[in-house]
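Below you'll find the structure, written out as structure tokens, and then a few comments.
Only the coordinates and a few stated rules stand behind these numbers; no lab work does. Since the model is a prediction, treat every value here as computed from it, not as a measurement. All Cβ positions, even for glycine, are placed from backbone atoms using ideal geometry, and neighbour counts span all protein chains on display.
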Amino acid sequence: MARLPQTDAELTALVRSVSTETFHRPFTHQALYNRRLRTTGGRYRLRDHNIEINPHLLQYYGLPELLGVIKHELCHYHLHLLHGGYQHKDADFKKLLAATGGSRFAPPMPPREDRTVNYLYICPQCQAKYPRQRRIDTRRFVCGRCHHRLELVGLDVKMSQISA
Ligand SMILES: [Zn+2]
Ligand SMILES: [Zn+2]
């Protein structure tokens, strides 16, 4: 299945097939996109057993990342319904996650390359780049590589524009 699910119904169908194929148990609840999720890729709702997925996953990533998040949420789901240890710290959860190939961490959202840094400093001697969210005191903070003074060269720079 190469096409990414666009609607909640398509998403639910995908979660059902992953559940059957990978967990050999049915997913009998709903999966839905939730635009309000910010940094997490997904969420399992204890009270109604539904799974929420961050739609930004589709915007920034592809099917492998989506499947990783779905498997992660299905680990919570199945263990919770089976009265197993369904939390991140539980051995049951860690074991099932490893066995099914679920992602341990949500992919960063927005991805690193899409982030904007407030200040970009450069070392004029060795060209090392120092992207920073906060202003730094260039009289005190010097280049970690060559100890030269840094120069402020950009404001509000996208990470994708900063070549390594
Ligand atoms: Zn989780
Ligand atoms: Zn330097």
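Scanning segment 149-164 for residues that are more than 16 Å from ligand 2 (Cβ to nearest atom) and of a type outside the set (Asp, Glu), which turns out surrounded by the fewest Cβ atoms within 10 Å (Cβ to Cβ)?
So the residue we want is 163.
I need the full set of residues from segment 90-116 which are in a loop (DSSP other than H, G, I, E, B) and over 19 Å from the mean Cα position of the chain (by Cα), in order please. First the steps, then the outcome.
In the first step, residues of segment 90-116 are kept if they are in a loop (DSSP other than H, G, I, E, B); the result is 90, 101-111, 115.
Once the filter is applied, which keeps residues that are in a loop (DSSP other than H, G, I, E, B) and over 19 Å from the mean Cα position of the chain (by Cα), segment 90-116 yields only 90.
Go through 146, 126 for me and flag whichever is of a type in the set (A, V, I, L, M, F, W, C), in contact with a Lys or Arg (Cβ under 8 Å, 6 or more places away or on another chain), outside any helix (DSSP H, G or I) and loosely packed, with under 15 Cβ neighbours inside 10 Å.
126
Just give me the residues in segment 129-143 being more than 8 Å from ligand 2 (Cβ to nearest atom) and either assigned to a loop (DSSP other than H, G, I, E, B) or small (Gly, Ala, Ser) (or both), in sequence order.
Within segment 129-143, 133, 134, 135, 136, 137, 138, 139, 140, 141 qualify.
Check 25, 38, 47, 3 and return the single one that is in a loop (DSSP other than H, G, I, E, B), away from ligand 2 (no atom under 16 Å from the Cβ), exposed (fewer than 12 other Cβ atoms within 10 Å of the Cβ) and in contact (Cβ under 8 Å) with a residue 12 or more places away in the chain.
The unique qualifying residue is 38.
Going through 119, 77 one at a time, which residue ends up being under 30 Å from residue 41 (Cβ atoms) and either in a strand (DSSP E or B) or over 21 Å from the mean Cα position of the chain (by Cα) (or both)?
119
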